[in-house]
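Only the coordinates and a few stated rules stand behind these numbers; no lab work does. All values derive from a computational prediction rather than experimental measurement. No Cβ is skipped: glycine too gets one built from the backbone with ideal geometry, and neighbour counts run over all protein chains shown.
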Amino acid sequence: MSTIPVETIVSQLQWRYATKAFDPSAKIPADIWSSLEDTLVLTPSSYGLQPWKFLVITNDALRESLVPHAWGQRQVADCSHFVVMCAKTNLDEAYLDSYLRDIATKRNIPTSALDGLRGMMLGSLAQMDEAAVHAWAAKQCYIALGNLMTAAALVGIDTCPMEGFVREKFDEILDLGAQGLTAVVCCPVGYRAADDKYASMAKIRWDKSAVVEHRA
């Protein structure tokens with residue numbers, strides 16, 4: 001198995017920043033974008049339930065219609081690929097059963113072998129009200145966000161995590177409610193504009209000693 005040098009990981013994470021201005025003419029090659037989509041698919045989630053869907057928006061008119069509902073942030077329209085990470089709102093027994101059937105098929109085992117897992121998951125969800133289930137599903141989307149941003153940085157592609165948008169308007173424009181989805185967080189992905197002043201600013205982080213504590 002080939003691995004990435006640790007120096008590369010650290011240097012690329014130093015290189016990345018929340019890109020404020022993208023170059024609208026710079027598009028991510030299809031093969032690279034496909035691999036970045038794979039990082040979304042491969043994101044871990046609680047129970048492995050994957051309570052999400054990732055909308056990849058490249059339609060110019062649609063993205064322009066979202067800009068006013070994203071506090072006017074041009075990254076939405078100017079990036080190469082705009083990703084809206086959505087949480088599923090219908091995490092019911094039918095969804096759990098479809099997930100268990102998928103496990104059984106891919107691992108070539110009977111679904112009955114998963115009865116214990118099914119009971120545990122149903123019991124866990126039964127303890128949460130609708131708001132708590134949404135909060136749990138939304139947290140899973142943030143794991144995917146981190147996965148995407150790190151993978152993009154490793155191949156020299158810029159990103160900008162974005163919570164600054166009106167969720168209700170995004171849900172309406174993208175017709176998410178009808179799909180049992182709601183927008184959680186967004187991520188413009190592409191290449192930084194040459195004149196983005198934020199690219200050259202010092203990265204501000206607390207010293208490692210302030211945020212990492214060892215207990216041997």
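Structure notes:
- Set of aspartates and glutamates near residue 53 by C-alpha distance (under 20 Å), chain-local residues within fewer than 8 positions excluded: 37, 38, 92, 93, 97, 102, 130, 163, 168, 171, 172, 175
- Extending 7 Å from the Cα toward the beta-carbon at both residue 32 and residue 175 defines two label points whose distance is 3.3 nm.
- Under the Karplus curve 6.51 cos²θ - 1.76 cosθ + 1.60, θ = phi - 60°, whole-Hz ³J(HN,Hα) for region 8-23, x wherever Gly or Pro sits: 5, 4, 5, 5, 6, 6, 5, 5, 6, 7, 6, 5, 8, 9, 9, 8
- 173, 28 arranged by Cβ crowding within 10 Å, fewest neighbours leading: 173, 28
- Scattering profile of region 51-151 at q = 0.13, 0.16, 0.24 Å⁻¹ [log10 I(q)/I(0), Debye over alpha-carbon scatterers]: -0.66, -0.86, -1.23
- Dimensions of region 117-168 based on its C-alpha atoms, expressed as ranges along the principal axes with the largest first, amount to 44, 30, 10 Å.
- Counting other Cβ atoms within 10 Å as a rough exposure proxy, the listed residues 102, 175 run 175, 102 from fewest neighbours to most.
- Residues whose amide H falls under 5 Å from that of residue 89, counting only those 5 or more places apart or on a different chain, are 181, 182, with hydrogens built in the peptide plane.
- Sorted peptide list for 55-66, 1-12, criterion being average Cβ within 10 angstrom, highest first: 55-66, 1-12
- Region 1-75 shape via C-alpha gyration tensor axes, a/c threshold 1.5: oblate
- For percent of Cα pairs over 28 Å apart, calculated from these coordinates, the label among (i) 33; (ii) 39; (iii) 20: (ii)
- Theoretical gain in end-to-end length, residue 109 to residue 95 [0.36 nm per residue, Cα-Cα removed]: 3.1 nm
- Members of 106/139; 169/203; 169/197 lying beyond 28 Å, as alpha-carbon distances in this model show: 169/203; 169/197
- Over the chain: helical MRE at 222 nm, DSSP H runs n ≥ 4 each giving -39500 (n - 2.57), nearest 500: -13500 deg cm²/dmol
- Under 5 Å between amide hydrogens, built in the peptide plane, is the criterion, and for residue 185 it picks out 85 among residues at least 5 positions away or on other chains.
- Using the Cβ-Cβ distance between residue 168 and residue 14 with R0 set to 35 Å, the FRET efficiency from 1/(1 + (r/R0)^6) comes to roughly 0.40.
- Magnitude of the charge dipole for the chain, about its Cα centre and with charges confined to Cβ atoms of Lys, Arg (+1) and Asp, Glu (-1), is about 540 debye.
- Reported value for region 101-188: 147 Å³ per residue, from the convex hull of its C-alpha atoms.
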